[in-house]
Amino acid sequence: MAGGTMRIGADVGGTFTDVVLETDAGMFSTKVLTTYDAPERGILDGVATVVAEAGADLADLDTFIHGTTLATNALIARTGARTALVTTAGFRDTIEMRTESRFEQYDLNLVLPAPLIQRKDRHVLAERIGVDGRVLRPFDEAEARALVNHLADRPEDEAYEAVAIGFIHAYVDGAHERRFRDLLLERLPDVAVSISSEVSPQMREFERFNTVCANAYVQPLMASYLHELDEQLQAEGARCPVYLIHSGGGLMSVDSAVRFPVRLVESGPAGGAIFAADIAARHGLDAVLSYDMGGTTAKICLIEDHTPSTAKTFEVARTHRFTKGSGMPISIPVIEMIEIGAGGGSIAGVDVLGQIRVGPLSAGSEPGPASYGLGGIRPTVTDADLVLGRLSADTFGAPGIDLSDEAARAALMKDVADVLDLDTGEAAAGVAEVVDENMANAARVHAVENGKDVAKYTMIAFGGGAPLHAGRLCDKLDVDELLVPPGASVGSAIGFLRAPFAYEALRSHHVAAEEFDAEAVNRLLSDMADEATIFVTEALPASDDAEGPPVLETERWAFMRYAGQGWEIPVRLDDGPFDHLGGELLANRFEKAYEEFFGRAIAGLAIEAIGWSVRVATRRPPVERVERVEALRDVAIDRTRAIHDAGTGILVEAAVVERYALSTGDRVAGPAVIVEPQTTTWVSSSRQGVVQADGCLLITRSDVEGSGR
């Protein structure tokens, strides 16, 4: 990425807002409690802290990169704009009927998630485009203008702030959507309008309609927030452009984010995956399990060949214990990960069966865990970690927070220990073990769904809570090696600074391998490459670099299946145009990919491509490889405290080691906690940690010396 020597990454999470300043002199970071009523206030507080710590001037800032959960939270809490949906006659109830799939097949009392837009706010036009692009029912200008007047002539307290337009098969031809948008903006120029043929030009109307609804729903909120943040940064003296990291792991401009705010869903976690991928590349790790645990959620992502796994659709706001199919599908490019309510602030309790449950509800930053002393009274994972000795008020390091062991014990006693007739320590151990098992099980499921053996991966842990829990997860998952990088507590914000400018164009276009039309496919891919390239080049900052603009790299994929199947798998395409043998080439590539996913291909079935993807991104700079360092010396221990070791189930006298006092080659034998201002790393009795040349902690089994990758 072109740029200067002073850049800031700011990640707004559910509990903390992380801010990182990277300069030629080094990296400076802070964590401040997220300010829900005005997220920009927490960002500006964090910016002021790191700029002062660095002795820098905000006017010298080259780039500001932001990731936010604001769009996600608005969808979950239903706090977006008053929105209307305009769709094709006969499809008014698509977003409510969903698909025929049931996320709990045998639950006779199953309640489906409520649609984002109520039925009274869904309107129809009698137009129709066929699956082949032919106009089956022409667009009626008079009917359209009448509907525009109906939408405009509403009482002030019922006026629409946004309109989503989703017509059937508009992914093939969006002319009707564009025409209705023009008519609507003539009458209502201040209303935010989103059309599905631009937001998500993909087949499957439920997912496409839901995505355009989500985009329109959060558009006014995100536009107001982003412009306000930009203005306040400028008022504080910043003169640099502001960029957003999108869910696919690339950077986009504020203007693009305002047009497509739905692409900001999962923006923060995407930064974490990029951070882990960068560490993987530096250490030459080809199979990595990225583990990000913050205050509200835990995220797990598979990274292979230094690249996070991706998908073209995902779910947000799952309503049924994070069960697949129970949420709101969003059809956009996304770094694929599994996310569960297992953060430091996740609330613990006992269910009607007498079982300890943790999450998905979180205490967040308001009121926060009981031990924060900010008004929270429910027990959380952080409270359990404090009672178990893993955390200490002396080394917690979050500004303005003095951990209270007494408050943590009182909360655990009331909601867990007294209910189950346990002592406080047993209750805390139970809470910690349940949340660790929840995360381990999520990792197993995610790996199995992707056909992977998680035990063969190296874990990279980051986020404020992950280094504390990662060792136990490794034991549960039979993972040999764990890396805890420097700056782990603000890993996602650091990842923002490693992200390229990137955009992925998606299209649905049916092509049978046996009837392959090379000219049509080449034209489609060329148009998609042009779209993505324009998007990236418009976002790039002006550069005085004599070497010219950054080099752009292109990746192309086809989403393919056997004819009659209901879902597709991604197939990587080579650069360059297809020739008359393109169908045969595609079929061979698909069968190889199918074998990797499912173990064997199926002979004699027709093969087809349904969707296409072209991603254009600025080239990532080469990374400097870090060679493995074996233990050179044991660290002298002059401080200990009693800590519960989940692996043995007993209290152990564990060493307390300052991370910043360690040098390359230093070995810390468990049991030990390695403390730093913003997080704590737990090394269990069965493991040891060795400091690597780049400052990473490599934690391995004590009986596996120099274990291989």
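Could you check the range 410-452 and list, in sequence order, the residues that are closer than 23 Å to ALA311 by Cα and touching a Leu at 6+ places or on another chain (Cβ under 8 Å)?
Result: MET439, ALA440, ALA443, ARG444, HIS446, ALA447, ASN450, LYS452.
Could you identify the single residue in VAL172, VAL148 that is touching a helix residue (DSSP H, G or I) at 6+ places or on another chain (Cβ under 7 Å) and either modelled with pLDDT of 95 or more or over 20 Å from ASP121 (Cβ atoms) (or both)?
Just one listed residue meets the conditions, VAL148.
Please go through the range 357-381 and give me each residue that is assigned to a helix (DSSP H, G or I) and either farther than 22 Å from SER392 by Cβ or not small (Gly, Ala, Ser) (or both), ordered by number.
Result: TYR372, VAL381.
Starting from residues that are of a type in the set (A, V, I, L, M, F, W, C) and under 24 Å from the mean Cα position of the chain (by Cα), keep the ones in the range 349-364 and report whichever is farthest from ALA408 (Cα to Cα).
Kept after step one, since they are of a type in the set (A, V, I, L, M, F, W, C), are these residues of the range 349-364: 350, 352-353, 356, 358, 361, 363.
Now restrict to residues that are under 24 Å from the mean Cα position of the chain (by Cα): 358, 361, 363.
On the way: VAL358: 15, LEU361: 17, ALA363: 13 Å.
Per the stated criteria, the residue is LEU361.
If I filter the range 600-609 for residues that are within 29 Å of the chain's Cα centre (by Cα) and over 16 Å from VAL511 (Cβ atoms), do I get at least one hit?
The answer is no, given that none of the residues of the range 600-609 is within 29 Å of the chain's Cα centre (by Cα) and over 16 Å from VAL511 (Cβ atoms).
Restrict the check to the range 685-699 and report whether at least one residue is open to solvent by 40 Å² or more (accessible area, probe 1.4 Å), at pLDDT 95 or above and not in a loop (DSSP other than H, G, I, E, B).
No, the conditions are met nowhere in the range 685-699.
For the structure I just gave you, tell me whether VAL571 is in a strand (DSSP E or B) and crowded, with 19+ Cβ neighbours inside 10 Å.
Values: in a strand (DSSP E or B): yes; crowded, with 19+ Cβ neighbours inside 10 Å: yes.
Considered against the rule, which asks whether it is in a strand (DSSP E or B) and crowded, with 19+ Cβ neighbours inside 10 Å, VAL571 comes out as yes.
Determine whether ILE602 is of a type in the set (Val, Ile, Thr), open to solvent by 60 Å² or more (accessible area, probe 1.4 Å) and either in a loop (DSSP other than H, G, I, E, B) or at pLDDT 90 or above (or both).
no
For GLY268, state whether it is within 24 Å of LYS456 (Cβ to Cβ), open to solvent by less than 10 Å² (accessible area, probe 1.4 Å) and under 11 Å from the mean Cα position of the chain (by Cα).
Judged against the criteria, GLY268 is not a match.
Go through the range 445-477 and give me each residue that's open to solvent by 20 Å² or more (accessible area, probe 1.4 Å) and touching a residue at least 12 places away in the same chain (Cβ under 8 Å).
VAL445, ASN450, GLY451, LYS452, ALA455, LYS456, GLY464, ARG472, ASP475, LYS476
Would you check which residues across the range 574-587 are of a type in the set (A, V, I, L, M) and in a loop (DSSP other than H, G, I, E, B) and list them?
Residue satisfying the conditions is LEU581 alone.
How many residues, within the range 337-346, are assigned to a strand (DSSP E or B) and open to solvent by 30 Å² or more (accessible area, probe 1.4 Å)?
2
Does the range 655-664 contain at least one residue that is in contact (Cβ under 8 Å) with a residue 40 or more places away in the chain, among the polar types (S, T, N, Q) and either loosely packed, with under 11 Cβ neighbours inside 10 Å or farther than 23 Å from LEU473 by Cβ (or both)? Talk me through it step by step, then tell me what you get.
So the first thing to find is which residues in the range 655-664 are in contact (Cβ under 8 Å) with a residue 40 or more places away in the chain, and the list is 656.
This time we only want the ones that are among the polar types (S, T, N, Q), so: none.
No.
Cβ-Cβ distance below 6 Å, separation of 6 or more or different chains: which pairs start in the range 420-444 with a residue that is in a loop (DSSP other than H, G, I, E, B) and end on one that is of a type in the set (Val, Ile, Thr) and buried (at least 24 other Cβ atoms within 10 Å of the Cβ)?
Listed pairs, sorted by first residue: none to list.
Which of the following residues is touching a residue at least 40 places away in the same chain (Cβ under 8 Å) and either crowded, with 16+ Cβ neighbours inside 10 Å or not acidic (Asp, Glu) (or both): THR23, THR30?
It is THR30.
For ALA257, are the conditions met, namely being modelled with pLDDT of 95 or more and among the small types (Gly, Ala, Ser)?
No: the conditions fail for ALA257.
Mind checking which residues of the range 478-491 are open to solvent by 10 Å² or more (accessible area, probe 1.4 Å) and not charged (D, E, K, R)?
Matches in the range 478-491: PRO486, GLY487.
Table: residues versus (1) more than 20 Å from SER362 (Cα to Cα); (2) modelled with pLDDT of 95 or more; (3) open to solvent by 30 Å² or more (accessible area, probe 1.4 Å); (4) among the charged types (D, E, K, R).
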| position | (1), (2), (3), (4) |
| --- | --- |
| ASP383 | no, no, no, yes |
| VAL387 | no, no, no, no |
| SER392 | yes, no, no, no |
| PRO399 | yes, no, yes, no |
| VAL416 | no, no, no, no |
| ASP421 | yes, no, yes, yes |
| VAL434 | no, no, yes, no |
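Select, from VAL675, VAL635, the only residue that is open to solvent by less than 10 Å² (accessible area, probe 1.4 Å), in contact with a strand residue (DSSP E or B) (Cβ under 7 Å, 6 or more places away or on another chain) and of a type outside the set (Asp, Glu).
That would be VAL675, the only listed residue that is open to solvent by less than 10 Å² (accessible area, probe 1.4 Å), in contact with a strand residue (DSSP E or B) (Cβ under 7 Å, 6 or more places away or on another chain) and of a type outside the set (Asp, Glu).
It is to be established whether one or more residues within the range 83-96 are assigned to a strand (DSSP E or B), of a type in the set (Gly, Ala, Ser) and in contact with a helix residue (DSSP H, G or I) (Cβ under 7 Å, 6 or more places away or on another chain). Before you say what the answer is, go through the steps one by one.
Filtering the range 83-96 down to residues assigned to a strand (DSSP E or B) leaves 83-88.
After this cut, where a residue has to be of a type in the set (Gly, Ala, Ser) as well, the list is 84.
Narrowing further to those that are in contact with a helix residue (DSSP H, G or I) (Cβ under 7 Å, 6 or more places away or on another chain): 84.
Within the range 83-96, one or more residues are assigned to a strand (DSSP E or B), of a type in the set (Gly, Ala, Ser) and in contact with a helix residue (DSSP H, G or I) (Cβ under 7 Å, 6 or more places away or on another chain).
Among (1) at pLDDT 95 or above; (2) buried (at least 21 other Cβ atoms within 10 Å of the Cβ); (3) among the polar types (S, T, N, Q); (4) more than 17 Å from PRO220 (Cα to Cα), where does THR83 come up short?
(4)
Any residue that is open to solvent by 70 Å² or more (accessible area, probe 1.4 Å), of a type in the set (Val, Ile, Thr) and under 26 Å from LEU251 (Cα atoms) - is there at least one of those in the range 534-541? Lay out the reasoning, then the answer.
Restricting attention to the range 534-541, the residues satisfying the condition of being open to solvent by 70 Å² or more (accessible area, probe 1.4 Å) are 534, 538.
Filter again for of a type in the set (Val, Ile, Thr), leaving 534.
After this cut, where a residue has to be under 26 Å from LEU251 (Cα atoms) as well, the list is 534.
Yes, the range 534-541 has at least one match.
Those residues that are farther than 21 Å from ARG204 by Cβ and open to solvent by less than 100 Å² (accessible area, probe 1.4 Å), I need them from the range 93-107; list them, please.
GLU104, ASP107
If you take the residues in the range 33-47 that are of a type outside the set (Asp, Glu) and open to solvent by 60 Å² or more (accessible area, probe 1.4 Å), which one is nearest to THR296 (Cα to Cα)?
Only one residue tops the list, namely TYR36.
The values are calculated or read from the model by the stated rules, or taken from the named source; none is laboratory data. Source: prediction; values computed, not measured. Heads up, the Cβs are rebuilt from the backbone with ideal geometry, glycines too, and the neighbour counts pull from every protein chain shown. Each accessible area value is taken on the protein alone, full model and side chains, heavy atoms only, with ligands, DNA and RNA left out. Shrake-Rupley method; radii C 1.70, N 1.55, O 1.52, S 1.80 Å.
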